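I have placed the structure first, in the form of C-alpha cells, so that the comments after it can refer back to it.
Readers should treat all values here as calculations from the given coordinates under stated rules, not as data from a laboratory. All figures in this text were calculated on a predicted structure; none of them were measured in a lab. Ideal geometry is used to build each Cβ from the backbone, glycine not excepted, and the neighbour counts take in all protein chains shown.
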Amino acid sequence: MTAPMARRPIRVQFIHGLESNPQSRKARVLDDSFVALTPAMDTRDFEACVQLQSEVAAMWGPVVLIGSSFGGAVATAMLQRRLWQGTTLLLASASVRKGLPESLPGGVRVRLVHATADDIVPVDDARRILTASPQALVDLVEVDDDHALTHHVRDGALARWVHTLADEALA
C-alpha cells in the first residue's frame, strides 16, 4: 500500500479589509490552513497599502495572494500595475468602489468570489470585472452569503478555494 502524498506547505498572503486586521477570522482561518502572512496596514492610505503589500509579496513569494473587500482593491491595483502577476483570490473586492478600472490584465489567474446578498459591495461589481476582463484567466463564484462571506469562511470554503488555486498554480 502506498502512503498518501503529503501536501507541500502553501504560502499565502492575505490583504485584509477596511475594518479588519491580521487577527481577523479570515486571517486566522488562512493561518490554520496555510503558511500565511497578513501584514497590518493603515487603511486610511490606499497608496501606502499598495506599496506595502507589493513589497511584502516580492519578498514573501506567496503562491496565492488573497484580498478581501478593501484588500481586494489593493490586490487589484497590484495586478493592474504589474506589481503582482501571480494567482489571486479576490473576496468581495471593492476595487470598482475605489475607482479602479474594471478590467484585469491578461495572463493572470484570478478567482472572484462575491456574495449575492452583499449589501456593501454589490455583486454586479464582480460581474462587471469579469465581463471587462476577457483576456484574463478570471472566473466568478457567486455565493449566498453576506459581505464578509461569514458562512463560507466558517464552513471551510475559503480554504478550499485557496487550495484549488494553489494546486493550479503549482501544477
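For the chain, the longest principal axis of the alpha carbon atoms and the long axis of helix 70-80 meet at an angle near 90°. Mean separation of Cα pairs under 8 Å and 6 or more residues apart, divided by the residue count, gives the chain a relative contact order of 18 percent. To the nearest ten degrees, helix 46-60 and the longest principal axis of the Cα atoms of the chain are 20 degrees apart.
What does the charge count near Asp32 come to, summing +1 for each Lys or Arg and -1 for each Asp or Glu among other residues with Cβ under 12 Å from its Cβ? The answer is +2.
Count Lys and Arg as plus one, Asp and Glu as minus one, and take only other residues whose Cβ is under 10 Å from that of Val113; the net charge is then -2. Just to be sure I understand: with springs between alpha-carbon atoms less than 10 Å apart, which residue in Ala27, Ala92, Ala157 has the highest mean-square fluctuation in the Gaussian network model of the chain? Comparing Ala27, Ala92, Ala157 in a Gaussian network model of the chain, the most mobile one is Ala157. Summing Cβ point charges (Lys, Arg +1; Asp, Glu -1) relative to the Cα centre of the chain gives a dipole of roughly 520 debye.
Among Ser133, Ser69, Ser93, which one shows the biggest mean-square fluctuation in a GNM of the chain, springs joining Cα atoms closer than 10 Å? Ranking Ser133, Ser69, Ser93 by mean-square fluctuation puts Ser133 first. Taking only Cα atoms, what is the 0 to 90° angle, nearest 10, from helix 123-132's long axis to the longest principal axis of the chain? Computed tilt is about 90 degrees.
Each Lys or Arg adds one and each Asp or Glu takes one away; over the other residues whose Cβ falls under 11 Å from the Cβ of His16, this sums to +1.
Computing Kirkwood radius over Cα pairs in Å directly from the structure and comparing it against (1) 15.8; (2) 15.2; (3) 18.3 singles out (1). Panel order for Ile10, Ile120, Ile129, by other beta carbons found within 10 Å of each beta carbon, from fewest to most: Ile120, Ile10, Ile129.
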